[in-house]
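Student: Take this structure, written in structure tokens, and hold onto it; I'll ask about it next.
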Amino acid sequence: MIKKAEWIGLGVLSLLILFFTLNWAVKTAVHAQKDVVVPDLTGQSLYEALDVLSRLNLGLKQEGAEFNDQVPVGTVLRQLPPAGMSVRESKVIRVTLSQGGESIFVPDLEGQSLRSAEIALRMNSLSLGEVRSRPSLKYEKDTVVAQEPVSKTIVRKSALVHVVVSDGPPEDDVLLMPDFAGKTLESAQAWAKNLNIKIETTVEESPQDDNIVLSQSIPFDSMMQTGSTVRLTISKMNADAVPEAAGAFPKFRFDVPQGDEGKKFRFVLVDGSKSKEIWKGQPEPGSKLDLLLPERPSPSARVRVFVNDILTEERPAQ
């Protein structure tokens, strides 16, 4: 029993010695560190701040970032502890960096009234710039025909967006290029024949039916002269979209509402995690679209309908 008590006593004594030794070592290490004054890092780049702190044996950690169009990207906005405070060496200084001016995508204004376009810009923290006008076959008076910068361009917050609005139909002696995107080659040829305009075509594989105009070399509403040449890219149904047997792949039918002239439609097939564009264009109001699906969809597949890049509805694919 005496020996056992002696061993217990020795163990307790050893633990006490170890505790006091570690405590002394920690205190010695802490007191061995120098006191340094925190430098002012505001206005410095991240690399400059790192260089300054490393020479003082201080650490750095980015705590956050904020938009600030007055300060370049990557510049220190704030720090903690603040400049002038006395701290021990190895202290970590936390900083907040500038992300520069806030970036915004320019919305698509084409086809909107001038009033609606101005509201859309304001909602996106942008401003309406210069407003010019020109005649248009496609859009009625005071409707946006073009914009600069174009949609989806990245700009700074509060940037100006300049627009061109329709001045209504042209005078009788002014020839403008129609918009044939989404229409048949036959309709373009009929128009060209009456005006002695030459049509050249390039074929491109597409899930659409054959001979649908995909793009044109001359932008719509551009001024033209008789005898000009227009190059059209037309669709040829690709092999992947052709069913192995009649009715193997279903079609998606869509009735274009009346009064939707000039609006851009886009149809996207969503099937599980996959999505694929079926068709896009500017169909005639009141027309019926029979869009061939590029593959056999699952029972849960949906077709999303976008009008002027805004999702307006979603329907079962079959």
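Student: With respect to the numbered conditions (1) under 25 Å from the mean Cα position of the chain (by Cα); (2) at pLDDT below 90, which one is the sole condition not fulfilled by Glu148?
Tutor: (2)
Student: Name every residue in segment 288-316 that is within 21 Å of the chain's Cα centre (by Cα), assigned to a strand (DSSP E or B) and either in contact (Cβ under 8 Å) with a residue 24 or more places away in the chain or buried (at least 17 other Cβ atoms within 10 Å of the Cβ) (or both), in order of residue number.
Tutor: Arg304, Val305, Phe306, Val307, listed by residue number.
Student: Also, I was wondering about something else. What residue, of Gly227, Gly182, is modelled with pLDDT of 80 or more, exposed (fewer than 13 other Cβ atoms within 10 Å of the Cβ) and on the phi > 0 side of the Ramachandran plot?
Tutor: Working: Gly182 fails: exposed (fewer than 13 other Cβ atoms within 10 Å of the Cβ).
Checking each option against the conditions leaves just Gly227.
Student: Hey, could you check segment 98-122 for residues that are modelled with pLDDT under 90, not small (Gly, Ala, Ser) and not in a loop (DSSP other than H, G, I, E, B) and say which is surrounded by the fewest Cβ atoms within 10 Å (Cβ to Cβ)?
Tutor: Phe105
Student: Looking for whichever is in contact (Cβ under 8 Å) with a residue 60 or more places away in the chain and outside the structural domain of Thr233 (by TED's automatic domain parsing) here; the options are Gln147, Gln112. Which one fits?
Tutor: On the way: Gln147 fails: in contact (Cβ under 8 Å) with a residue 60 or more places away in the chain.
The match here is Gln112.
Student: I would also like to ask the following. Go through segment 114-128 and give me each residue that's under 22 Å from the mean Cα position of the chain (by Cα) and at negative phi.
Tutor: Answer for segment 114-128, where residues must be under 22 Å from the mean Cα position of the chain (by Cα) and at negative phi: Ser116, Ala117, Glu118, Ile119, Ala120, Leu121, Arg122, Met123, Asn124, Leu126, Ser127, Leu128.
Student: Additional query: For residues that are of a type in the set (A, V, I, L, M, F, W, C) and at pLDDT 90 or above, scanning just segment 193-208, find the one that is nearest to Arg253 (Cα to Cα). Reasoning before the result, please.
Tutor: So in segment 193-208, the residues of a type in the set (A, V, I, L, M, F, W, C) come out as 195, 197, 199, 203.
Now drop any that are not at pLDDT 90 or above, which leaves 197, 199, 203.
Numbers: Ile197: 34, Ile199: 30, Val203: 25 Å.
Ranking the candidates gives Val203 first.
Student: Which numbered condition in (1) surrounded by 14 or more Cβ atoms within 10 Å (Cβ to Cβ); (2) assigned to a strand (DSSP E or B); (3) modelled with pLDDT under 90 is the only one that Val95 fails?
Tutor: So the condition that Val95 fails would be (3).
Student: Can you pull out every residue in segment 156-208 that is in a strand (DSSP E or B) and either small (Gly, Ala, Ser) or touching a residue at least 40 places away in the same chain (Cβ under 8 Å) (or both)? Break it down into steps so the answer makes sense when it comes.
Tutor: Filtering segment 156-208 for residues in a strand (DSSP E or B) gives 156, 160-166, 176, 184, 198-206.
Within segment 156-208, Arg156, Val161, Val163, Val165, Ser166, Leu176, Ser206 qualify.
Student: To continue, here is another question. Filter segment 210-229 down to the residues that are small (Gly, Ala, Ser) and not in a loop (DSSP other than H, G, I, E, B) and list them by number.
Tutor: Quick first cut of segment 210-229, residues small (Gly, Ala, Ser) only: 215, 217, 222, 227-228.
The answer is Ser215, and nothing else.
The values are calculated or read from the model by the stated rules, or taken from the named source; none is laboratory data. Computed from a predicted structure; not experimentally measured. Counting neighbours? That spans all protein chains shown, and the Cβs are built from the backbone with ideal geometry, glycine included.
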